[in-house]
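Report on the following structure.
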Amino acid sequence: RHTEPWSMATSSVSKGCFVFKPDFKKRKISVPIEDYFNNEKHVSEDSKLRFETYHLLWQRIKSETEQLQEELNKNLFDNLIDFLQKSHSDFQKNSRNWGCQMKLREIPTAALILGVNVTDHDLIFRSLTETLQNNVTPYIVSLQAKDCPDVKHFLQKLTSQLMDCCVDENSKEVKSVNTPKKTNYSMDSLSSWYKTVTQNTDPKMTSKKRTTCRQWQSPPVVLILKNMESFNTKVLQDFIIISSQHLHEFPLILIFGIATSPVIIHRLLPHAVSSLLCIELFQSLSCKEHLTVILDKLLLTAQFPFKISKKALQVLTNIFLYHDFSIQNFIKGLKLSLLEHFYLQPLSVLCCDLPEAKRRIKFFSVNQCENVRRLPSFRRYVEKQASEKQVALLTSETVLKEETQLLLEDLHVYHMNYFLVLRCLHNFTSTLPKYPLGRQIRELYCTCLEKNVWDSEEYVSALQLLRMLAKDELMSILQNCFEVLNSSTEKQLGSTTQKVKDFLSQFQNLDADSKEEEDACGSQPKGLQKTDLYHLQKSLLEMKELRRSTKKQTKFEMLRENVVNFIDNLVRSYLLPPESQPLHEVVYFTAAHTLREHLNAAPRIALHTALNNPYYYLKNEALKSEEGCIPNIAPDICIAYKLHLECSRLINLVDWSEAFATVVTAAEKMDANPTTSEEMNEVIHARFIRAVSELELLGFIKPTKQKTDHVARLTWGGC
């Protein structure tokens, strides 16, 4: 009997199936996000503080990234705005000049070369749309190829988006009255709608958008075609031809988003159609240059305390360079690194600004002090101290907190000096032939993170090349170094800055001295006498050896040698690897394997692991088995997969089916009733067919005509 309140609702004379929707309000359980920071392996009492620190630091990084992207795109957007305003001015003037009238038949078109990083294009187009709406026109439409299979859908999408581009309340009323019927999408209806909207809109009315973007009584209509390469050629051609005929009453401006090359325009459009376009090219910033700026502002600075190790940085840059060239994906990988660092490292609570970190150390608990003592870098630091100080650091909480504050301050000063000297070294080596230390600063940074850079052969080769630089090149490099050192707000390298300035003044004073040396060299008497060819050659060789042995360095060469030695001493003093600094684990993320697992997935290995060892993912104790054994309770596809690994290139389906049935029915008592046994065999056979179909879908086997009742195996090596 039903005793539930809803039992009466299910009472029926006939049998039926009754559906009750679950009450989501009762099932919903809110869990604070910071509780997820309580890792099973690293239980700590400051998980909430670590999460808040992570959130604040990420908001700072995100804000800096957005500002950088705006600055990088500003030049491109300004050029586009100038082009749009200049193109539409002819339509506003309505000139009767024959040249202007011929130009009015051409659709102004901006070909925007964005590069192959297609995943970043949406962000660029969103920023471009917002900029154009604020500065040029409220009528901005963005279309994608998947929404425009033919001209009808093209015009339908264009019309529907234009109807949403309202400037004020009056235009909304006009829109509701003059919206074309759904069955009639044409350029004639768009032209009449545009004429009605622009005539009925009072140019004296003001609004937030209109005061900035409404510069004309008849603003242009800007159509952005994202990823032009994907559009149907016939659809593009027909639309351009139709639009050019209505250009005098419907001022259209096209923006082509191109990922490859501008040549694609002439490949997609014949001359008769491309001649209807007035095309101007606009090149966005290279994605590699964009990455260099992002790294320079986010990682190669002491502004943000968070840093990543060489291996972690290589994982992110390799994914960027060899997979997608996507800045957005690189930033997501950086965010994942930051999240994993605060999740895995209990002392990441100190990964914040120096004053706040020193304040938090004062309130450290006993467990947190023990976490500091467990750090490998801190252990090495303690071993180098005197015995009395070692005892104090290991036993006294007060002494430990004071020493930790000093070490964090030293780490902050180390990073400030490190990045200044790194940029100076990059200025010296980035123009050398064959770039022994890398052309990009990220390559030099990875080298310095890994080891002592002065111990590498590339560094020795770079110093040899520096000793052959000309005066102008050296002065230019020193000037760049002076600007780098002088730009720092913290004057940690004040004497170094003055030394570079002295070198520059000494090079400038070399001109007068070099003229005197040339005069002295020209006044030397020649010691050759009249003789035969043999003695002449012998005398020349002897004089050459004598000059080589007694040659003195000029003032320029001595000064150049001093500069090279100076930069060498800077590198050896300040470019020590981060592992040499105590407490570097607090700010450096080193779990590169975690990034690789999340960002650089290997689906084939994951499939093999799931099918060969289902316990790895399902965590069911019953699925544990010894090497080479096949548990009968494993999923059917796992049993079939393990059996197929034991077969050769061609697999007999009959033998495979019998082996499958043997494994499935192992340790089970078969019923003596022949009817029940036959039904059981049919069920097992159906399970086998389904498992084989799934393996074929995953690409492990395929049908073959070489033998009857056989399939061909496609994978080898177990992965």
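What follows is calculated from the coordinates using simple rules that are stated; it is not laboratory data. Here the structure is a predicted model, which is why all the values come from computation and not from measurement. Don't worry about glycine lacking a Cβ; one is built from the backbone with ideal geometry, like all the others, and counts go over all protein chains shown.
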### Query
What nm value, rounded to one decimal, do you get for the distance between MET543 and SER63 when each label is placed 7 Å out toward the C-beta?
7.4
#### Entry: Point-to-point label distance, LYS434-VAL366, nm (Cα→Cβ direction, 7 Å offset)
6.2
## Note on the structure
So, over other residues within a Cβ distance under 12 Å of ASP238, counting Lys, Arg +1 and Asp, Glu -1, the net charge is +1
### Query
If Lys and Arg each add +1 and Asp and Glu each add -1, what is the summed charge of the other residues whose beta carbon sits under 14 Å from the beta carbon of SER461?
-2
### Query
How many nm is it between the label spots at LEU650 and GLU473, if each spot is 7 Å from the Cα in line with the beta carbon?
6.8
### Task
Go ahead and run the numbers for FRET between SER261 and LYS195, Cβ-Cβ distance against an R0 of 41 Å, rounding to 0.05.
0.60
## Note on the structure
Using alpha carbon centers only, the range 590-625 is separated from the range 219-240 by a whole-angstrom value of 45
### Summary
With a Förster distance of 51 angstrom and the Cβ-Cβ distance between TYR322 and SER677, calculated FRET efficiency to the nearest 0.05 equals 0.35
### Summary
For the HIS685, LYS335 Cβ pair and Förster radius 35 Å, calculated FRET efficiency rounded to 0.05 is 0.10
### Message
What does the charge count around PRO631 come to, taking other residues whose C-beta lies under 10 Å from its C-beta (Lys +1, Arg +1, Asp -1, Glu -1)?
### Response
+1
### Rounded to whole Hz, the Karplus (6.51, -1.76, 1.60) HN-Hα couplings of the range 144-158, x for glycine and proline
10, 5, 5, 8, 10, x, 8, 5, 4, 5, 4, 5, 5, 5, 4
### Query
What pairs in LYS62/LYS362; LYS335/LYS362; LYS146/LYS195; LYS48/LYS297; LYS332/LYS619; LYS62/LYS297 have C-alpha atoms more than 19 Å from each other?
LYS62/LYS362; LYS335/LYS362; LYS146/LYS195; LYS48/LYS297; LYS332/LYS619
### Query
Under the definition of Cα pairs under 8 Å and six or more residues apart, what whole-number percent is the relative contact order of the range 401-461?
21
